[in-house]
Amino acid sequence: MFEMLFQALVFPGFLAAFVIGFLYLGIMRKVAAHMQHRIGPPIWQPFLDFFKLLSKENIQTKDSVGFLLTLCPIISFASVLTVIIFVPVAGFGMVSFQGSVFVVIYFLVMSSAFLALAGFATGNPFGSVGSIREITQLVSYEFPFVVSLITIGYLTGFEIIPYFSLHFPFAFLAFLTGVLGKLSLPPFHIPEAEQEIVAGPLTEYSGPRLAMFELARAIGFWVLISIGAVFFLGAGNIVMFAVNSLALLFVLIIFRVVFARLRISNAFRLYWFIIGPLAVIDLVRALVGFY
């Protein structure tokens, strides 16, 4: 009982997700800044931003839907946090059963869907445009992302366990680009294009509500990198998990620095007509045993 409680609240549960998720964001911003010959913010800046938002006031406009403004960040946060229950992080797993891959897919979609709903709840035109883009991007990246998880899941009984899957390079590529889309990282930061629509779905959010969305994003960062380290790179112990996680983080930083933001139409075509079919090739290889 104590062990389960420790895993749920400390590691790999909420506390680890909170600390390491924000740490990943801070490292990404700092390393990306140095790659662009900037100083950048300190690594602990995401923590400072989060706690500062908690001390601010929730502002609500007359056109917004009050209960949805509060409900959306809570469900988005709770959904992505639930996923970590099914991922054996560094050998510590809370719940494991055949078919858990589909549960993980469901909760990840729930988190993104309520982020999109949040923009409509604000009553702000920038928020609505951002939500439309979020939904369009969700439909785009979810196809190759789900195919990549099902490809490896077929070989593991659809259970998330350590599995080295680099002999399925297209599935791994689909997973990485799906992570970029889910986290709205360049070149897929289309729903929150600051130069066009301020902050997209989160334009009218402030205070603890915005802090909850930032927390959901940080935990999503931790969860998705953990899935990649375990399910695609075969991390079965704490050392391999740390090495694989940092390697994936560095790859995501490279994507952030090198590529500029795509148009939503280009992102849709890239996911559905290039990455998606490539992922299907690896799925067929897994089904017929050609690997």
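Each reported figure results from applying straightforward, stated rules to the coordinates on display, with no laboratory input. From a predicted model like this one, the values you see are computed outputs, not experimental measurements. Positions of Cβ are backbone-derived with ideal geometry, glycine not excepted, and every protein chain shown enters the neighbour counts.
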*For the residues M212, M35, M4, what sequence is obtained by ranking on other C-beta atoms within 10 Å, fewest first?*
M4, M35, M212
*Give the distance, in whole Å, between the Cα centre of segment 153-211 and the Cα centre of segment 243-291.*
11 Å
*Using only Cα positions of segment 1-154, each an equal point scatterer, no hydration layer, compute I(q)/I(0) via Debye at q = 0.12, 0.17, 0.18, 0.20 Å⁻¹ and quote the log10 values to two decimals.*
-0.73, -1.29, -1.33, -1.34
*What are the chymotrypsin sites (Phe, Trp or Tyr not before Pro) within segment 1-99 that DSSP puts in a loop, where the Cβ has at most 16 other Cβ atoms within 10 Å?*
W44, F97
_Please compute the length gained on full extension between L287 and M4, using 0.36 nm multiplied by the number of residues separating them and subtracting their Cα-Cα distance._
98.3 nm
_Eligible lysines near K30 by straight Cα distance, threshold 30 Å, same-chain separation 8 or greater_ = K52, K56, K182
*Convert 10 °C to kelvin, take the viscosity as 1.306 mPa s, use the Kirkwood radius over C-alpha pairs of the chain as Rh, and evaluate the Stokes-Einstein diffusion coefficient in µm²/s, rounded to a whole number.*
82 µm²/s
*asked:* More than 17 angstrom separation, counting every C-alpha pair in segment 213-255; what % is that?
replied: 30 percent
_Using only Cα atoms and rounding to the nearest 10 degrees, what angle (0 to 90) does helix 169-182 make with the longest principal axis of the chain?_
20 degrees
_For the chain, take the longest principal axis of its alpha carbons; what is the angle in degrees between that and the long axis of helix 45-54, to the nearest 10 within 0 to 90?_
50 degrees
_Can you give me the angle between helix 66-83 and the longest principal axis of the chain, using Cα atoms only, in degrees from 0 to 90, rounded to the nearest 10?_
20 degrees
